[in-house]
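J.: Have a look at this one.
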Amino acid sequence: MASTLEKFIHSLDLRTLPRVLQIQSGIYCQGSVYEMFGNECCLSTGEVIKVIGFKINKLIASICENNEVSQFSAKVELPLNFPGLYKVVADKIPYVSIEEIARKVSIGPTRFGHPCFYSPKDIKLANFTIRHGEQITFNSVEEINGTTAVNCAVVRNNQSHSFTLPLSQEGVFYECEDDQIYTLKEIAEWKIPKCRNRIVKLSNTLHMWDSSSPLPENFDGCLILMPVYEVQAVMKFRKDIVHILSDLDVEVKDVTDCYDIDSFLQPLSLEDIFERTSKEFPVVAEILEGPSGSQKPHNLLSTGKEIVIYKKYQAARVLASEIRSDSSKRHFLIPMSYKGKFKRRPREFPTAYDLEIARSEKEQLHVVATKAFASLHKELFSVSVGDQFLVQQCQTSEVLYEGRKKLIDVLACEQILSDTYKKVLLPMYMEGGFVEVIHDKKQYHLSEICKEFHLPFNVKVSVRDLSIEEDVLAVAPGLQFEEEITDSYLLISSASSPAESWEIPVYRLNMLVHLLSKDVQTVVPPVTRTTVEEISEEEYYMLRRYENLTLPPPPRPPKKPT
């Protein structure tokens with residue numbers, strides 16, 4: 001039965017991809033050339049295409065008031081790279097079965113693919129009862145004993161309880177509130193259910209507003225996002241990927257069951273390659289669709305090139321940001337193989353509490369006050385601009401507070417005078433300002449800094465890495481090493497001239513490849529080139545957000561007495 005392309009997308013279950021479609025009729029039925037994103041294809045009547053995926057191409061946004069489109073709001077088109085971070089507003093329309101959730105909501109292995117729902121009524125299972133209002137996390141969809149089910153979990157009394165829900169399970173399921181923040185691209189990929197719109201609230205603009213922005217100045221409200229999909233398809237006798245917008249006026253028919261699907265090319269993303277077992281490497285691949293932008297090694301990753309993928313692995317990187325007074329900071333991921341050297345730069349501390357966090361046993365912290373502070377208690381020290389201190393340790397001290405003695409946390413320091421030292425106590429709640437005095441003139445490799453010091457840590461490149469053609473770190477006025485992270489990489493080289501190999505990030509390069517049945521000439525990869533990866537503001541926030549989820553939060557600073 002024929003249907004429009006848009007209806008086909010809305011009815012499609014992602015788990016059934018790929019699907020083979022035959023063009024039935026439409027404005028391109030005479031075989032005219034259709035061009036989209038530089039790919040030309042002839043969609044004539046009877047043409048057969050293999051749909052390998054679809055994704056949201058752009059979003060139509062309207063300003064939202066009381067969960068409805070504002071009568072004064074014009075619809076604006078937002079690209080997926082539109083700057084800003086957004087919070088997802090929970091959908092008020094319930095789902096009526098687990099099957100509907102699995103069909104419409106993205107459930108997957110990544111950290112974005114674990115949606116949460118609750119039921120207003122208890123759900124009794126064979127050996128477990130889900131209480132009404134309890135948050136149910138959907139982790140994965142899989143086939144168990146011939147029946148498709150969803151692996152779920154609830155947390156009760158700090159303990160996680162796992163169970164499965166069959167697709168046939170009916171009930172009323174509401175989406176839970178989500179306190180995370182996302183980019184528009186993440187929302188488009190993971191947080192917009194099929195056949196539904198999504199309301200989001202702007203959390204952080206990341207950029208200054210300008211007149212070219214489609215949103216009003218100082219806008220901080222809610223938007224209703226309506227997706228426009230893009231179908232990714234493979235033509236019968238072509239190697240490249242064809243992109244077709246869902247609102248194209250053609251009718252299609254699903255002929256998967258009566259067609260040899262293996263006669264088409266099989267495009268794979270970097271994520272698909274990474275999911276292969278380590279024993280399946282090395283492999284030779286042809287790039288069907290290279291990444292956009294100018295990421296290194298851009299000359300190696302262009303469409304049509306053949307590459308050798310030697311292995312997959314996790315590698316450590318140091319997340320670093322430029323030290324600048326303005327907001328236009330650049331952000332970098334630096335590999336441990338970076339051969340340049342660094343000299344220390346002074347750190348700044350806004351409170352006495354930050355001095356305690358930065359204190360180490362390796363060396364005594366020496367700081368200069370940049371802001372005056374008048375103590376509320378005569379037992380504690382009042383700070384003047386220019387006062388210098390050696391930080392000792394955190395302790396408690398007795399002070400007189402409203403006529404009564406009270407114990408509070410203080411930071412014991414030695415004030416440096418012209419010819420002596422004076423022991424003083426600074427309140428931990430003190431809001432002042434301090435800058436570090438550096439006595440260490442040594443030059444450090446990156447691995448030494450990570451081993452000997454606590455991050456964050458301020459540095460400047462003193463000796464550039466001569467193995468890098470253009471060392472972007474060397475021109476930075478200063479760098480703050482913020483944290484050490486672990487990320488997924490593939491090691492690749494050119495198939496025709498494997499003189500050097502490169503590490504490419506799996507989750508930040510959007511490209512498609514096709515595996516070739518060619519033997520790898522040399523199993524041992526050539527020497528690996530060091531690459532400092534510059535990342536965008538959005539990628540930086542995402543890395544920091546999810547890396548910090550794995551760390552326990554720091555203790556809250558003490559409150560200032562009222």
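J.: What is the magnitude of the charge dipole of the chain about its Cα centre, with +1 placed on the Cβ of each Lys and Arg, -1 on the Cβ of each Asp and Glu, and no other charges, expressed in debye to the nearest 20?
T.: Here the chain has a charge dipole of around 1340 debye.
J.: Multiplying the sequence separation of residue 161 and residue 247 by 0.36 nm and subtracting their Cα-Cα distance, what value in nm do you get?
T.: Fully extending the segment from residue 161 to residue 247 adds 26.6 nm.
J.: What is the packing order of peptides 498-511, 151-164, taking the mean over residues of other C-beta atoms within 10 Å and listing the highest first? Could the numbers behind the result be given before it?
T.: Working: 498-511: 17.6, 151-164: 12.8.
Answer by packing, highest mean first, reads 498-511, 151-164.
J.: What percent do you get for the relative contact order of the stretch 348-436 when only Cα pairs under 8 Å and 6+ apart count?
T.: Taking the mean separation of contacting Cα pairs over the length of the stretch 348-436, I get 38 percent.
J.: Roughly what would the spin-label model give for residue 496 and residue 204, points 7 Å off Cα along C-beta, in nm?
T.: It works out to 4.4 nm between the two label points.
J.: Here's a follow-up. Check cross-link reach from residue 339 to the aspartates and glutamates: straight Cα distance under 12 Å, and skip same-chain residues fewer than eight apart.
T.: Correct list for residue 339: 448, 465, 471.
J.: Mind ordering 524-530, 317-323 by average Cβ neighbours within 10 Å, highest first?
T.: 317-323, 524-530
J.: May I ask you to list the aspartates and glutamates whose Cα is less than 12 Å away from that of residue 236, ignoring any residue fewer than eight positions away on the same chain?
T.: Output for residue 236: 47, 260, 262.
J.: Does the stretch 348-436 come out rounded, prolate or oblate by the C-alpha gyration tensor, with a ≥ b ≥ c the root eigenvalues, rounded set by a/c under 1.5 and, if not, prolate when a/b is larger than b/c and oblate if not? Each step should come with its number before you reach the end.
T.: Values: a/c = 1.63, a/b = 1.47, b/c = 1.11.
Cα axes put the stretch 348-436 in the prolate bin.
J.: While we're on this one: If we sort 167-175, 51-59 on the protection proxy, mean other Cβ atoms within 10 Å, highest first, what's the order?
T.: Values: 167-175: 16.3, 51-59: 19.6.
Per-residue Cβ counts within 10 Å, averaged per peptide and sorted highest first, yield 51-59, 167-175.
J.: Something else now. Which parts of the stretch 161-189 would a label at residue 148 reach, counting a residue when its backbone N lies under 20 Å from a point 7 Å out along Cα-to-Cβ?
T.: Once the point is set 7 Å along Cα→Cβ of residue 148, 163-173 turn out to lie under 20 Å by backbone N, inside the stretch 161-189.
J.: Calculated FRET efficiency, residue 180 and residue 431, Cβ-Cβ r, R0 22 Å, to nearest 0.05?
T.: Using R0 = 22 Å, I get an efficiency of 0.15.
J.: Now a separate question. Give me the number: length gained by fully extending residue 172 to residue 544, i.e. 0.36 nm times residue separation minus the C-alpha to C-alpha distance, one decimal in nm.
T.: Contour length minus the Cα-Cα distance gives 130.3 nm.
J.: Something else about it: Tell me the carbon and sulfur percent of the accessible area for the stretch 91-176, rounded to whole percent, probe radius 1.4 Å.
T.: Heavy-atom surface of the stretch 91-176 belonging to carbon and sulfur, 1.4 Å probe: 46 percent.
J.: Too long at a 24 Å Cα-Cα cut-off: which of 87/185; 185/305; 75/185?
T.: 185/305
J.: In the chain, with Lys and Arg counted as +1 and Asp and Glu as -1 at Cβ, which of these residues, 290, 5, 384, has the Cα nearest the positive end of the dipole, that is, farthest along it?
T.: 384
J.: So, in nm, how far is label residue 518 from label residue 76 when the simple model puts each one 7 Å beyond its Cα toward the Cβ?
T.: According to this spin-label approximation, the distance is 4.8 nm.
J.: Turning to a different aspect of this structure: When the solvent-accessible surface of protein heavy atoms is calculated with a 1.4 angstrom probe, in what order do 496, 488 fall, highest first?
T.: Highest to lowest solvent-accessible surface, that is 496, 488.
J.: Another question, if that's okay. On a 31 Å Cα-Cα criterion, which of the cross-link pairs 121/191; 58/518; 55/121; 50/201; 362/406; 55/253 come out too long?
T.: Result: 58/518; 55/121; 50/201; 362/406 exceed 31 Å.
J.: How large is ³J(HN,Hα) for each residue in the stretch 532-544, as worked out from phi by the Karplus curve 6.51 cos²θ - 1.76 cosθ + 1.60 (θ = phi - 60°), to whole Hz, x for Gly and Pro?
T.: 8, 8, 8, 10, 6, 4, 5, 5, 4, 5, 5, 4, 5
J.: Only Cα pairs under 8 Å and at least 6 apart count here; give the relative contact order of the stretch 91-176 as a rounded whole percent.
T.: 38 percent
J.: In addition: Could you grab the relative contact order for the chain? Cα pairs under 8 Å, six or more apart, rounded to a whole percent. Working shown, then result.
T.: Values: 1196 pairs, mean separation 87.5, N = 562.
In percent, rounded to a whole number, it is 16.
J.: Taking a cut-off of 15 Å between Cα atoms, list the aspartates and glutamates near residue 124, but don't count ones fewer than 8 places away on the same chain.
T.: 134, 170
J.: Suppose the chain between residue 257 and residue 379 were pulled fully straight at 0.36 nm per residue; how much longer would it get relative to their current alpha carbon spacing?
T.: 35.5 nm
J.: Given a Förster distance of 56 Å, report the FRET efficiency between residue 17 and residue 388 from their Cβ-Cβ distance, rounded to the nearest 0.05.
T.: Here the calculated transfer efficiency is 0.25.
J.: With every protein chain left in place, what is the accessible area per residue of the stretch 91-176 in square angstrom, probe 1.4 Å?
T.: The answer is 56 Å² per residue.
J.: Applying 1/(1 + (r/R0)^6) with R0 = 51 Å to the Cβ-Cβ distance of residue 455 and residue 25, what FRET efficiency is obtained, to the nearest 0.05? Kindly include the intermediate steps, with their values, before the conclusion.
T.: On the way: r = 61 Å, r/R0 = 1.20.
Rounded to the nearest 0.05, the efficiency is 0.25.
J.: With every protein chain left in place and a probe of 1.4 Å, what is the accessible surface of residue 132, to the nearest 10 Å²?
T.: Accessible area of residue 132: about 120 Å².
J.: Also, I was wondering about something else. Summing -39500 (n - 2.57) over the DSSP H runs of n ≥ 4 in the chain and dividing by its residue number, what mean residue ellipticity at 222 nm do you reach, to the nearest 500 deg cm²/dmol?
T.: -2000 deg cm²/dmol
J.: Among 461, 505, 309, whose Cα lies farthest out toward the positive end of the dipole of the chain, if unit charges sit on the beta carbon of Lys, Arg (+1) and Asp, Glu (-1)?
T.: The listed residue farthest towards the positive side: 461.
The values are calculated or read from the model by the stated rules, or taken from the named source; none is laboratory data. Being a predicted model, the structure only gives us computed values, none of them experimental. Glycine gets a Cβ as well: all are built from the backbone with ideal geometry, and neighbour counts include every protein chain shown. SASA here: full protein model, heavy atoms, side chains in, ligands and nucleic acids out. Shrake-Rupley method; radii C 1.70, N 1.55, O 1.52, S 1.80 Å.
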